[in-house]
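The values are calculated or read from the model by the stated rules, or taken from the named source; none is laboratory data. Computed from a predicted model, the values in this text were never measured in an experiment. Don't worry about glycine lacking a Cβ; one is built from the backbone with ideal geometry, like all the others, and counts go over all protein chains shown.
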Amino acid sequence: MEVLVASAIGILTAAGMYLVLRLRTFPVILGVSLLTYAVNVFLFASGRLTVGAPPILGDATTYADPLPQALVLTAIVISFGMTAVVVMIALGSYLGADDDNVNDPVSTDEEDAP
């Protein structure tokens, strides 16, 4: 199970980094979301991967740590809000410039030079 989770984290990170390095806004937003998911899975896996164990400390011999679960829940809410903000900024940029390139093209006009 650890190999499967580690592979999923690696694949999410690789795909997220590939999409972040694109020159369009929509793939960059998707890449940041994938990186967020990779971090969330990593945080969740840091609390021990136990199947069928209670999340509280008591008389049980094995238990799941509830702190990473709370951190992931908080991170999901924050990442959803930040994704909504970034989508609105990208939409405003696209509507204002009629293009969704991340980098600005170099101007070769002679009249722009001082």
Query raised in the report: Taking region 11-50, which residues are free of Cβ contacts under 8 Å to residues at least 24 places away in the same chain and of a type outside the set (A, V, I, L, M, F, W, C)?
Result: 16, 18, 27, 31, 46, 47, 48, 50
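Rundown of residues vs (1) surrounded by 13 or more Cβ atoms within 10 Å (Cβ to Cβ); (2) of a type outside the set (D, E, K, R); (3) modelled with pLDDT of 80 or more, yes/no style:
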site: 23; (1), (2), (3): no, yes, yes
site: 27; (1), (2), (3): yes, yes, yes
site: 35; (1), (2), (3): yes, yes, yes
site: 40; (1), (2), (3): yes, yes, yes
site: 49; (1), (2), (3): yes, yes, no
site: 77; (1), (2), (3): no, yes, yes
site: 90; (1), (2), (3): yes, yes, yes
site: 93; (1), (2), (3): yes, yes, yes
site: 96; (1), (2), (3): no, yes, yes
Report task. Test residue 12 against the criterion of being crowded, with 18+ Cβ neighbours inside 10 Å and more than 17 Å from residue 86 (Cβ to Cβ), and give yes or no. Result -> yes
